[in-house]
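Peer 1: Quick one: structure below, then a few questions.
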Amino acid sequence: MKIAVAGAHGQVARRLVRQLVAGGDEVVGLVRNPDHVADVEADGARAAVVDLESAGVEEVAAALEGATAVVFAAGAGAGSGTERKDTVDRAAAVLLADAAQAAGAGRYVLVSSTGVDSVRDGATPDGVDEVFVAYLRAKLAAEDELLARAARGAFELAVLRPGALTDSPGTGRVALERSLPRGEVSRDDVAAVLVALLRATDLPAGEEGLVLELVGGDEPVDAAVSRALVPAPAA
């Protein structure tokens, strides 16, 4: 496959790129900062300098040319304010969707976050600062927009909500469910789950989409993803 990774210099994204390349996939890594090109190329990807906060759909679509799948792993990052939570974590994710549709990429994997449901319908969780609330709202808005598009047949979609990220070595074993208690997960294992979602034969269709929460656990990654792809029984 040819896979485009937005935010390719991020900590999860770099692990993802290396795992994809090791498995024989072709990867183009989208980065905003030209200084990050060398690192992305060292990971085995072709780097494309594209600022998702200012680029147009045509520019992004050109960088995605030939890609069968895209991954949004970008983020405004620590130290950014509420405005950039929206322009990156929501608007850039939607721009990537526009470009993916224009370029004909058939699968989109969104790296989101646990806790987004706590801000649904305008709720404000207790004990959470305004910047993190803005982050959760931006992630939720991106999820909802992409799920609506997937329901209309724009692309296959998987939304992955990892728990608190750690730099511990990956174990290759996770807990992956539609809803989970809060927990931690290593960045290595997040990347491994993303790889499995990208390589899965089919993602479930339908209005509910595929939204999965991820923490460390006991089930091998491939088995967890295969089980998660089985459609939930009708209520």
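The values are calculated or read from the model by the stated rules, or taken from the named source; none is laboratory data. Predicted, not measured: the structure shown is a model, and the values here were computed from it. Neighbour counts run over all protein chains shown; Cβ positions are idealised from the backbone, glycine included. All accessible areas refer to the heavy atoms of the entire protein, side chains included, with ligands and DNA or RNA removed. Shrake-Rupley method; radii C 1.70, N 1.55, O 1.52, S 1.80 Å.
Peer 1: Take the range 167-204 and flag every residue that is modelled with pLDDT of 95 or more and among the β-branched types (Val, Ile, Thr).
Peer 2: THR171, VAL174, VAL185, VAL190, VAL193, VAL195
Peer 1: Just to verify a result, which residue in the range 40-61, among those that are open to solvent by 60 Å² or more (accessible area, probe 1.4 Å) and not hydroxyl-bearing (Ser, Thr, Tyr), is nearest to VAL94 (Cα to Cα)?
Peer 2: Here the residue is GLU53.
Peer 1: Identify, from the list ALA158, ALA142, ALA164, ALA150, the residue that is among the hydrophobic types (A, V, I, L, M, F, W, C) and either touching a Pro at 6+ places or on another chain (Cβ under 6 Å) or within 24 Å of GLU83 (Cβ to Cβ) (or both).
Peer 2: Within the list ALA158, ALA142, ALA164, ALA150, the selection yields ALA142.
Peer 1: If you don't mind, another one. Any residue in the range 165-179 that is closer than 22 Å to ARG14 by Cβ, buried (at least 19 other Cβ atoms within 10 Å of the Cβ) and of a type in the set (Asp, Glu)?
Peer 2: No, the range 165-179 has no match at all.
Peer 1: Ok, one more. In the range 75-95, what residues are open to solvent by 20 Å² or more (accessible area, probe 1.4 Å), assigned to a loop (DSSP other than H, G, I, E, B) and within 22 Å of GLY29 (Cα to Cα)?
Peer 2: GLY75, GLY77, ALA78
Peer 1: Hey, can you tell me all the residues within the range 96-154 that are part of a helix (DSSP H, G or I) and among the β-branched types (Val, Ile, Thr)?
Peer 2: Of everything in the range 96-154, those that are part of a helix (DSSP H, G or I) and among the β-branched types (Val, Ile, Thr) turn out to be VAL116, VAL119, VAL131, VAL133.
Peer 1: So which residues in the range 21-39 are more than 17 Å from ALA105 (Cα to Cα) and surrounded by 24 or more Cβ atoms within 10 Å (Cβ to Cβ)?
Peer 2: Correct list: VAL31 only.
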